[in-house]
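J.: Below is one structure. I have some questions about it.
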Amino acid sequence: MRICFYSVKLFEHGPFDRANESRRHTLDRHSERLSVKTAPLAEGCDAVCVFVGDDVSASVIDALADLGVRLILLRSAGFNHVDVVAAERRGLTTLRVPAYSPHAIAEHTVGLMLALNRKIHRAYNRVREQNFALDGLLGFDMHGKTVGVVGTGRIGEVVCAILAGFGCRVLASDPVVNDVCVSLGAEYVGRERLFAESDIITLHCPLTPETKHMIDAGALDLMKPGVMIINTSRGAVVDSRAVIAGLKSEKIGALGLDVYEEEADLFFRDLSDTVIQDDVFMRLLTFPNVIVTAHQAFFTREALRGIADTTLENASAFESGSPIADNVVSSSLIAG
Ligand code: NAI
């Protein structure tokens, strides 16, 4: 099948070429983001293949459907950037990569926790300037601390396993209990109790109308002073303005973000010669106890290989008339 790829980065070429050796799809690769303006690039293609910063809203879907596109392939697990109802209405199938190395994201999450706790980002700069003083670098033992894991699906489960290895007490919040997490010692509690008792809170739920701005001023009020918050899920689960207020009042002791609500206009490109206009984002970067990474939690060799393999397998299965059921994104998934 002929697939129009949007938002393609150089690092994706190798994994997709290798994954396509046995499948022989035609890959039309574009660095442009999908939008109403760039939709015509998909003329003559059966499918589009998009990443998290692409615009897959109703108007774009209409444009793609008018061109004869029948399939939307997501190079991601998250699908909050797709108007699934509009896709269904126009008869387009949406297929995602639900699981590609949850270890990649879980390990990055714990990396952010350790870096923030032991101030490794600050220590790195100090030592390079021959400042070997320790003042200001004091951390705490992870052992014995309470960590709240919001969302215990594939990624949250691996986070629970790593934290259990550290000897943390793990509180979990998820409408669905994961027995593996329970066997690792996690205790399922209501979200309010998790907020109130956790020294560290880490977010691994999808972005839905229910989880949008889950971390807002009201949630922060419930938390311990000096709480560490980590978000590697989706940016809008956190209300950025509320966490800035929480950092200024020192309610939040440390913040690690791999995702940001307005990241589509920032991440995945080099803006080092640009004056960034997003004042909320720039304020976040000024705090010494904030680390922002630009949506790189997924970025391991194993994960890239998994994304490429599953994406092209999704295309092949769709072509043969039997899309892999677990990978289909439908409106029932949002409702459920
Ligand atoms: P998953 O679908 O396996 O697990 C998500 C879990 O969240 C499920 O157990 C679900 O029941 C739970 N959940 C749903 N609503 C909830 C709520 N209101 N409160 C608490 N839990 C709730 O998903 P997976 O693969 O573990 O991904 C988790 C998140 O990580 C997603 O938001 C995804 O978009 C994000 N992600 C981020 C990446 C990155 O590079 N930063 C890469 C891959 C995924």
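J.: Among the numbered criteria (1) within 7 Å of the ligand (Cβ to nearest atom); (2) without any contact (Cβ under 8 Å) to a residue 60 or more places away in the chain; (3) within 16 Å of the chain's Cα centre (by Cα), which single criterion is violated by Leu207?
T.: (2)
J.: Out of the residues in the range 98-113 that are of a type in the set (Gly, Ala, Ser) and assigned to a loop (DSSP other than H, G, I, E, B), which is most open to solvent (accessible area, probe 1.4 Å)?
T.: Ala99
J.: Could you go through the range 135-151 and let me know if any residue there is part of a loop (DSSP other than H, G, I, E, B), open to solvent by 40 Å² or more (accessible area, probe 1.4 Å) and within 11 Å of the ligand (Cβ to nearest atom).
T.: No, because not a single residue in the range 135-151 is part of a loop (DSSP other than H, G, I, E, B), open to solvent by 40 Å² or more (accessible area, probe 1.4 Å) and within 11 Å of the ligand (Cβ to nearest atom).
J.: What pairs come up if the first residue lies in the range 248-263 and is closer than 24 Å to His81 by Cβ and without any contact (Cβ under 8 Å) to a residue 24 or more places away in the chain, the second is surrounded by fewer than 23 Cβ atoms within 10 Å (Cβ to Cβ) and of a type outside the set (Lys, Arg), and their beta carbons are under 9 Å apart, counting only those six or more places apart or on different chains?
T.: none
J.: So Leu116 fits all but one of (1) away from the ligand (no atom under 11 Å from the Cβ); (2) touching a Gly at 6+ places or on another chain (Cβ under 6 Å); (3) in a loop (DSSP other than H, G, I, E, B); what number is the exception?
T.: Of everything listed in (1) away from the ligand (no atom under 11 Å from the Cβ); (2) touching a Gly at 6+ places or on another chain (Cβ under 6 Å); (3) in a loop (DSSP other than H, G, I, E, B), Leu116 misses just condition (3).
J.: Condition test on Ile155, is it crowded, with 23+ Cβ neighbours inside 10 Å, touching a residue at least 40 places away in the same chain (Cβ under 8 Å) and either among the aromatic types (Phe, Trp, Tyr) or farther than 16 Å from Ile229 by Cα (or both)?
T.: Here the answer is yes, as Ile155 does meet what is asked.
J.: Going by what's in this entry, would Ser7 be described as within 16 Å of the ligand (Cβ to nearest atom), small (Gly, Ala, Ser) and in contact with a Lys or Arg (Cβ under 6 Å, 6 or more places away or on another chain)?
T.: Against the criterion (within 16 Å of the ligand (Cβ to nearest atom), small (Gly, Ala, Ser) and in contact with a Lys or Arg (Cβ under 6 Å, 6 or more places away or on another chain)), Ser7 qualifies.
J.: Filter the range 165-196 down to the residues that are in contact (Cβ under 8 Å) with a residue 24 or more places away in the chain, surrounded by fewer than 19 Cβ atoms within 10 Å (Cβ to Cβ) and under 17 Å from Met113 (Cα atoms) and list them by number.
T.: Within the range 165-196, Phe166, Gly167, Arg169 meet the criteria.
J.: How many of the residues in the range 73-89 are out of contact with any helix residue (DSSP H, G or I) (no Cβ under 6 Å at 6 or more places or on another chain) and closer than 20 Å to Leu27 by Cα?
T.: Residues meeting the conditions: 2.
Residue by residue, here is whether (1) farther than 18 Å from Val227 by Cα; (2) touching a strand residue (DSSP E or B) at 6+ places or on another chain (Cβ under 6 Å) holds:
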{"position": "Ala106", "(1), (2)": "yes, no"}
{"position": "Leu116", "(1), (2)": "no, yes"}
{"position": "Val127", "(1), (2)": "yes, no"}
{"position": "Ser173", "(1), (2)": "no, yes"}
{"position": "Glu192", "(1), (2)": "no, no"}
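J.: So which residues in the range 188-206 are under 26 Å from Tyr100 (Cα atoms), modelled with pLDDT of 95 or more and not aromatic (Phe, Trp, Tyr)?
T.: Within the range 188-206, Ile200, Ile201, Thr202, Leu203, His204, Cys205 meet the criteria.
J.: Having 1 or more residues that are open to solvent by less than 30 Å² (accessible area, probe 1.4 Å), within 11 Å of the ligand (Cβ to nearest atom) and of a type outside the set (Gly, Ala, Ser) is the bar; report the strands (runs of 3 or more DSSP E) wholly within the range 226-328 that clear it.
T.: Result: 227-231, 252-257.
The values are calculated or read from the model by the stated rules, or taken from the named source; none is laboratory data. Not measured: the values here are computed from a predicted model. So basically every Cβ, Gly included, is an ideal-geometry build from the backbone, and we count neighbours across all protein chains shown. Heavy atoms of the whole protein, side chains included, go into the accessibility calculation; ligands, DNA and RNA do not. Shrake-Rupley method; radii C 1.70, N 1.55, O 1.52, S 1.80 Å.
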